[in-house]
Amino acid sequence: MSENTPKRKEPKTGTKEVEGRIVGRDKKVIPPEEVYKLAQIGCKDIEIAAWFGIAEDSLRYNFAVELVKGRENLKQTLRRSMIANALKGNAAVQIFLAKNYLGMSDNPIDTEANNPLPWTDL
């Protein structure tokens, strides 16, 4: 090591008390708020379960409400953002919303209303 390299400090250790649900055979304590936050940013069940070191089935069984609420919050946030972008004039988002929410289409549907009127000589 060179003389200019700073010395690394020894890491500090401590104890932290966590409040949450006791889950799985290992009796891990999982805070429901953390499950909600991970679901809210779009993490999949397998990713959340791996983060806490529990089985996916245990996650789904114990935190079904938090998973649903977090993902629904993500959808609402994305919708608000899309609508805000559309109202600011983003044409691509306006087209997407028109097609998906208003049922508009680039391709007209052939129906009797689109057929030309019959020609009759009077």
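Every number here is computed from the coordinates shown, using simple stated rules; none is lab data. It should be emphasised that the depicted structure is a prediction, and the values quoted were computed from it without experimental measurement. Counting neighbours? That spans all protein chains shown, and the Cβs are built from the backbone with ideal geometry, glycine included.
A few points about this structure:
- Residue 46-residue 99 FRET efficiency (beta carbon distance; Förster radius 35 Å; 0.05 resolution): 0.65
- Per-residue Cβ neighbour rank within 10 angstrom, fewest leading, 106, 45, 121: 121, 106, 45
- Computed FRET value (nearest 0.05) for residue 83 with residue 19, which takes r as the C-beta separation and R₀ as 30 Å: 0.20
- Note on residue 75: lysines with a C-alpha under 19 Å away, same-chain residues under 8 apart excluded, are 37, 44, 99.
- Residue with peak Gaussian network fluctuation, the chain [Cα springs, cutoff 10 Å], from 58, 105, 81: 105
- Cβ crowding within 10 Å, taken as a proxy for footprinting-reagent exposure, orders 22, 54 from fewest neighbours to most as 22, 54.
- Sites matching GluC sites (Glu not before Pro) across segment 17-117 that sit in DSSP coil, with at most 12 neighbouring C-beta atoms within 10 Å: 17, 19
- Overall size of the chain from C-alpha positions, given as principal axis extents largest first: 100, 48, 24 Å.
- Between 107, 73, 85, the Gaussian network model of the chain with springs among Cα atoms under 10 angstrom shows the greatest mean-square fluctuation at 107.
- Spacing of the two label points (7 Å from each Cα toward its C-beta) at residue 73 and residue 9, in nm: 3.3
- Residue 29-residue 121 pseudo-label distance in nm [points 7 Å out on the Cα-to-Cβ vector]: 9.5
- Ordered by the count of other Cβ atoms within 10 Å of each Cβ, fewest first, 67, 117, 122 give 122, 117, 67.
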